[in-house]
Amino acid sequence: KVRVFWFRRDMRFEDNVGLYHALSGDFPVLPVFIFDRHILDELPKDDARVTFIHDELQKMRSHLQDQFGSSIATYHDTPENAFKELIEDFDIEAVYANRDYEPYAYKRDANINALLAQNGIEFHDFKDQVIFEKTEVEKNDGGMYLVFTPYMKQWKKEFENIDFKTFPSEDLLENTYKNSRLPNLSLSDMGFEKSSIKVPEHNFDKELLKNYEDTRNIPSIEGTSRLSPYLRFGTIGYRKVVEKALSVKNEAFLDELIWREFYKAILHNYPETQERAFKPKYDRIEWRNNEEEFEKWKTGQTGYPIVDAGMRQLNETGWMHNRLRMVVGSFLCKHLLIDWRWGEAYFAEKLLDYEMSSNVGGWQWVAGSGVDAAPYFRVFNPYSQTDRFDKDKKYIKKWVPEFDSDKYPEPMVEHKPARERCLETYKEAVKN
Ligand code: FAD
């Protein structure tokens with residue numbers, strides 16, 4: 001008999017809760033990874049995230065092979081088919097995994113759970129990605145906080161009451177199932193090719209954390225951690241990150257991690273907001289949705305250097321600084337009156353750190369339709385954002401070197417009339 005551990009967005013051996021519990025039993029553990037065709041079939045063939053996952057998986061397989069004579073079985077199929085195959089090939093005692101909170105993942109896990117149950121196999125899942133999930137940070141009278149600051153305060157209070165510890169799964173790998181010849185897959189076996197975009201190194205250290213509050217809003221410097229893709233795929237353990245965040249006095253960084261949990265809890269509790277405005281009136285906005293304008297935004301040709309710099313950074317590197325995500329998002333929804341869902345979908349295609357909860361949360365925030373969003377009449381002015389956060393235009397010069405030459409386009413809309421058009425449209429939508 002074997003026990004299966006299913007890796008999903010927790011691609012590491014260290015401090016992995018589900019893996020720790022799987023390895024703590026009496027059965028050899030067969031690690032499994034499924035390149036899910038429900039997801040992969042929709043992606044471009046040189047998708048950078050698929051390359052990243054594949055590379056990480058190869059490193060993990062080699063480690064198991066070299067140190068323990070074991071490996072990771074990889075499949076390129078739907079999870080249902082992969083599990084049917086597993087059930088046929090192995091005598092499975094139980095399946096272990098860490099919980100995943102996106103709407104698709106929920107349905108997927110329910111289906112797999114049902115399939116396993118039909119075969120008399122138990123499915124055990126664990127909390128690994130967050131400190132608090134779903135309803136663990138609640139208002140006194142029950143119910144989810146819909147405003148960040150009280151949520152964050154309550155999160156910190158609850159944190160004081162928990163037994164915060166890590167799970168040394170890395171010390172138990174001897175208990176993995178000994179067979180180094182488990183099926184493996186190359187990128188080309190799956191019809192994919194290596195992407196030219198690589199996940200950049202992160203720079204998460206104490207120095208950064210100490211200065212974070214001052215550096216985090218300046219896009220021309222490496223003032224943020226760049227941890228997001230690593231947290232997204234779980235190649236870095238979240239509890240270690242929290243531990244480090246707690247080791248400095250200034251809590252600005254910890255607060256950002258709490259934003260991440262806040263948005264996860266919101267999506268978990270309100271999965272319909274993946275597509276619908278959190279505040280229903282905002283679904284009455286008459287978006288202009290002009291395709292040509294959308295194209296200019298996507299390619300960084302709006303004539304607003306700060307907006308174009310952000311979009312070009314995204315297109316070229318798969319990452320964009322948070323300040324710019326807000327600026328370009330606001331520009332799309334408010335200056336161009338293009339539906340936030342279009343922007344959300346474009347980010348989903350491009351971001352290495354694409355995380356549905358944070359992306360939908362971030363986009364609904366800029367559109368004004370989400371939880372804790374700024375009031376709709378606050379429209380980011382791209383020029384004053386430049387003055388505040390890129391005064392010497394270092395960031396702009398890097399991504400839009402031609403910005404002050406005659407090769408650069410005129411602004412596609414004028415700020416003032418665009419702002420007025422936005423206010424009128426929003427006002428109409430949210431009245432009564
Ligand atoms: P740091 O500043 O070093 O922060 C550390 C970590 O805290 C991040 O890695 C992230 O996990 C978390 N974090 C920081 N800011 C936020 C935030 N505002 N909301 C939620 N979590 C946060 N983040 C994603 O991880 N995936 C997305 O798809 C995503 N889409 C976004 C879309 C829009 C429109 C906006 C405004 C923000 C979005 N964010 C998203 C949040 C934020 O921009 C990124 O997490 C951040 O830029 C990642 O860089 P970093 O790791 O250097 O961040």
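The values are calculated or read from the model by the stated rules, or taken from the named source; none is laboratory data. None of these values were measured; they are calculated from a predicted model. When we count neighbours, we look across all protein chains shown, and the Cβ atoms used for this are built from the backbone with ideal geometry, even at glycine.
Quick notes on this structure:
- The numbered conditions (1) without any contact (Cβ under 8 Å) to a residue 60 or more places away in the chain; (2) touching a Leu at 6+ places or on another chain (Cβ under 9 Å); (3) surrounded by 19 or more Cβ atoms within 10 Å (Cβ to Cβ) are all true for PHE159 except (3).
- For segment 286-306, the criterion of being within 22 Å of THR215 (Cα to Cα), at pLDDT 95 or above and hydroxyl-bearing (Ser, Thr, Tyr) is met by none of the residues.
- Some residue of segment 368-376 being over 30 Å from TYR101 (Cβ atoms) and more than 16 Å from the ligand (Cβ to nearest atom): no
- Single residue of segment 323-367 satisfying the filter (within 6 Å of the ligand (Cβ to nearest atom) and within 20 Å of GLU292 (Cα to Cα)) that is farthest from the chain's Cα centre (by Cα): GLY329
- All of (1) assigned to a loop (DSSP other than H, G, I, E, B); (2) in contact with a strand residue (DSSP E or B) (Cβ under 7 Å, 6 or more places away or on another chain) hold for ALA265 with one exception: (1).
- In this structure, MET356 does not qualify as within 17 Å of VAL327 (Cβ to Cβ), in contact (Cβ under 8 Å) with a residue 40 or more places away in the chain and surrounded by fewer than 21 Cβ atoms within 10 Å (Cβ to Cβ).
- Residues that are crowded, with 17+ Cβ neighbours inside 10 Å and out of contact with any Phe, Trp or Tyr (no Cβ under 7 Å at 6 or more places or on another chain) within segment 81-93 comprise PHE83, LEU86, ILE87, ILE92, listed in sequence order.
- Test: residue in segment 285-292 that is part of a helix (DSSP H, G or I) and in contact (Cβ under 8 Å) with a residue 40 or more places away in the chain: no
- In this structure, GLN313 does not qualify as crowded, with 24+ Cβ neighbours inside 10 Å, within 14 Å of the ligand (Cβ to nearest atom) and in contact (Cβ under 8 Å) with a residue 60 or more places away in the chain.
- Residue within segment 139-146 that is modelled with pLDDT under 95 and not in a loop (DSSP other than H, G, I, E, B) present: yes
- The residue pairs whose first member lies in segment 123-141 and is closer than 20 Å to THR235 by Cα, whose second member is in a strand (DSSP E or B) and not hydroxyl-bearing (Ser, Thr, Tyr), and whose beta carbons are closer than 8 Å, counting only pairs six or more residues apart or on different chains, are ASP125/ALA97; ASP125/ASN98; PHE126/ALA97; PHE126/ASN98; LYS127/ASN98; ASP128/ASN98; GLN129/ASN98.
- The single condition from (1) buried (at least 16 other Cβ atoms within 10 Å of the Cβ); (2) in contact with a Pro (Cβ under 9 Å, 6 or more places away or on another chain); (3) in contact (Cβ under 8 Å) with a residue 60 or more places away in the chain that TYR96 fails is (2).
- All conditions but one from (1) within 8 Å of the ligand (Cβ to nearest atom); (2) buried (at least 21 other Cβ atoms within 10 Å of the Cβ); (3) not in a loop (DSSP other than H, G, I, E, B) apply to MET320; the one that does not is (3).
- Given (1) in a loop (DSSP other than H, G, I, E, B); (2) farther than 30 Å from VAL29 by Cα; (3) within 16 Å of the ligand (Cβ to nearest atom), index of the condition GLU133 fails: (2)
- Scanning segment 199-218 for residues that are closer than 15 Å to GLU256 by Cβ and in contact with a Leu (Cβ under 8 Å, 6 or more places away or on another chain) turns up HIS202, PHE204, THR215.
- Residues of segment 300-310 that are surrounded by 21 or more Cβ atoms within 10 Å (Cβ to Cβ), of a type in the set (Gly, Ala, Ser) and assigned to a loop (DSSP other than H, G, I, E, B): GLY300 alone.
- In segment 329-344, the residues that are buried (at least 24 other Cβ atoms within 10 Å of the Cβ) and in contact with a Leu (Cβ under 8 Å, 6 or more places away or on another chain): TRP340, GLY343
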